[in-house]
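First the structure, in the form of structure tokens, and then the observations on it.
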Amino acid sequence: MEFLNNIQNRYTTKKYDNTKKVSEEDIKKLKHILHLSPSSINSQPWNFIFVSDEETKNKLADASFFNAERIKDASHVVVFNTINNKSFFEKQINENLPEGAVGYYNAFLKEKPETEVVNWLSHQVYIALGVFLSACANMDIDSTPMEGIEPEKYAEILKLDEHTPLFAVAIGYRDENDANQPTITAKQRLCFDDVIKSI
Ligand SMILES: Cc1cc2nc3c(=O)[nH]c(=O)nc-3n(C[C@H](O)[C@H](O)[C@H](O)COP(=O)(O)O)c2cc1C
């Protein structure tokens, strides 16, 4: 299917069919797709945790406000985490990136305050979100991006130390009556000409 059709048909799923699971084969593909996400200077300041274990999923749901039901009924929830401190990130790039990339970081970012650098790191994780949502659309897997989570509780449940959760994505297959699907509720976007410009 053409990519434009994928994007027209994808939507933020609000209600899942809890009897349907994403196949292991598709989960493997999604893991590889995330692994290949692009990032500035190939910094890759992230990890991605795929949760299918029901007990863990329920714990995360209880730390997810109004998103709880989606997480419980979805097949999997994927937690997107960013490295949360400069020293761990610098160790990672010094050990893994070529001289040019480390040089760019040292010249333009290293001296900036910790919060600014960590903010830059978190931007990279959002690129992976775009890749992931597009991949799900391409594979006919329904998804729900969720910033409505409690990052501290997530970090505790997942035993994170050098990483902080930014958001999670529930994936699975929609309940056939989900009112948010585009065939029932038309997509809402700002006026095309106000957003898309040509010179
Ligand atoms: C970073 C991000 C965080 C979001 N957080 C939530 C959330 O916590 N719960 C939710 O139901 N939808 C959430 N959304 C979904 C947006 O509301 C949705 O993408 C937007 O309204 C456009 O609708 P569509 O995705 O159906 O096209 C989030 C979307 C993004 C990109």
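The values are calculated or read from the model by the stated rules, or taken from the named source; none is laboratory data. Because the structure is a prediction, the values reported are computed rather than measured. For neighbour counting, all protein chains shown are included, and Cβ atoms are generated from backbone atoms with ideal geometry for every residue, glycine included. Areas reflect the complete protein model, heavy atoms only, side chains present, ligands, DNA and RNA absent. Shrake-Rupley method; radii C 1.70, N 1.55, O 1.52, S 1.80 Å.
What to note about this one:
- Inter-label distance, residue 189 to residue 23: 3.1 nm, where each label sits 7 Å from its Cα along the C-beta direction.
- Sulfur and carbon atoms: percent of accessible area, the chain [1.4 Å]: 53
- Relative contact order of the chain: 37 percent, from C-alpha pairs under 8 Å at least 6 residues apart in sequence.
- Cα principal axis extents for the stretch 1-121, largest first, Å: 51, 37, 25
- Solvent-accessible surface of the stretch 17-129, taken per residue with a 1.4 Å probe and all protein chains present: 53 Å².
- Of the GluC sites (Glu not before Pro) in the stretch 137-182, the ones in a loop by DSSP (not H, G, I, E or B) with at most 16 other beta carbons within 10 Å are 147, 162, 176.
- Over the chain, DSSP H runs of length four or greater, each weighted -39,500 (n - 2.57), average out per residue to a 222 nm ellipticity of -13500 deg cm²/dmol.
- The angle between the Cα long axis of helix 114-138 and the longest principal axis of the Cα atoms of the chain comes to about 30 degrees, rounded to the nearest 10.
- Distance-filtered residues of the stretch 134-149 - backbone nitrogen under 18 Å, label point 7 angstrom along residue 52 Cα→Cβ: 136, 139-144
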